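Input: a single structure, listed below in structure tokens.
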Amino acid sequence: MNPYASQASLECEVLQADPVGLVQLLYRGALESIRGAREGLARQDHAERSRHISRAGAILGELMLSVNREQGGELAANLIELYDYTLHLVTQAHVEQRDEPLAEAARLLQTLLEGWNAIAAEQTQLSAAAPAEPSLATAGYY
């Protein structure tokens, strides 16, 4: 695929996304980066592994910063701790050059993404039934 077309497609997706959609995009980006890091690790391509690890770390940092701590309460605090743990796993995998922490980080992020996918599906159903209903994203969790 043309890298410019892919970038333009991503930019379009970002510009059209609601807050939940943006979170989903971040999760998919983090999972893609972890997959790339695992592939780089398997091929012993240190530059590729490092590039993907750095990208995954940056995305996890962005996810941590996007949590609304004031309105999210205990849920927000737990989510931040989970992001921090996942970042620790990614860093550990990089330092130790091991796949297991990356595999665990991917499982955690995939589970969280599934939760956000369910929220997005619920939002779609709610907006079809009553367009004025607030979403979790606008209710203060993000």
*Residue list for the stretch 85-97, filter: free of Cβ contacts under 8 Å to residues at least 24 places away in the same chain and either surrounded by 13 or more Cβ atoms within 10 Å (Cβ to Cβ) or within 15 Å of the chain's Cα centre (by Cα) (or both)*: Y85, H88, L89, Q92
*Pick from R28, R69: which is touching a helix residue (DSSP H, G or I) at 6+ places or on another chain (Cβ under 9 Å), basic (K, R) and free of Cβ contacts under 8 Å to residues at least 24 places away in the same chain?*
R69
*Among residues belonging to the stretch 100-122 that are surrounded by fewer than 15 Cβ atoms within 10 Å (Cβ to Cβ) and of a type in the set (D, E), point out the one that is nearest to the chain's Cα centre (by Cα).*
E114
*Residue in the stretch 74-115 that is nearest to Q24 (Cα to Cα), counting only those that are touching a helix residue (DSSP H, G or I) at 6+ places or on another chain (Cβ under 7 Å) and part of a loop (DSSP other than H, G, I, E, B)*: D99
*Within the stretch 73-83, identify whether any single residue is among the hydrophobic types (A, V, I, L, M, F, W, C), at pLDDT below 95 and surrounded by fewer than 13 Cβ atoms within 10 Å (Cβ to Cβ), and answer yes or no.*
no
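The values are calculated or read from the model by the stated rules, or taken from the named source; none is laboratory data. Note that the coordinates shown come from a computational prediction; the quantities given were computed from them, not determined experimentally. For neighbour counting, all protein chains shown are included, and Cβ atoms are generated from backbone atoms with ideal geometry for every residue, glycine included.
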